[in-house]
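The values are calculated or read from the model by the stated rules, or taken from the named source; none is laboratory data. All figures in this text were calculated on a predicted structure; none of them were measured in a lab. Here Cβ is always computed from backbone atoms with ideal geometry, including for glycine, and neighbour counts include all displayed protein chains.
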Amino acid sequence: MWKEGASAVAEQKSRSARYEISTPIRYRIKGERQWRAGTTKNISVSGVLLRTEHSVPLNTEIEMKFVLPVEMSGEAAAEVACRGIVVRSTDCPSTPGHMFVASKIDRARLLRRTG
């Protein structure tokens with residue numbers, strides 16, 4: 001039992017800091033041309049939790065684009081493009097017909113800085 005508790009604490013410490021940021025996000029399944037819309041719930045260095053009207057299966061590779069607000073990047077707002085893999089997809093209890101989709105980030109790059 002102690003090992004389970006210690007393991008849980010170690011996992012929690014290793015998680016990246018999450019920032020509660022609600023910003024529009026566009027995403028698409030790898031290989032698709034059509035972008036889908038959503039809103040971020042939180043963002044970390046290692047992943048994104050977004051709310052959307054679409055369910056996305058686990059282990060699906062997705063591409064995402066969103067703008068980091070000034071307070072997140074420390075400079076002017078910046079558009080980020082990243083790729084990741086869906087690690088969780090669940091119903092959004094507060095918004096019927098919407099889903100929470102969690103994706104880890106494998107690669108990210110800054111597209112441009114906006115004023």
message = Exactly one condition in (1) out of contact with any Gly (no Cβ under 9 Å at 6 or more places or on another chain); (2) within 13 Å of Ala108 (Cα to Cα); (3) in a strand (DSSP E or B) is false for Val45; which is it?
response = (3)
request  = Look through segment 1-44, keep the residues that are modelled with pLDDT of 50 or more and of a type in the set (Gly, Ala, Ser), and return whichever of them is nearest to the chain's Cα centre (by Cα).
outcome  = Ser44
request  = Kindly indicate whether any position in segment 93-102 is aliphatic (A, V, I, L, M) and at pLDDT below 90.
outcome  = no
query = If you check Glu75 against the conditions, is it modelled with pLDDT under 95 and of a type in the set (Asp, Glu)?
reply = yes
inquiry  = So Ser55 passes all but one of these: (1) closer than 20 Å to Ser16 by Cα; (2) at pLDDT below 95. Which condition number does it fail?
reply    = (1)
message = Of all residues being under 15 Å from Ile21 (Cα atoms), more than 11 Å from the chain's Cα centre (by Cα) and in a strand (DSSP E or B) in segment 58-72, which is modelled with the lowest pLDDT? Just the residue, please.
response = Leu68
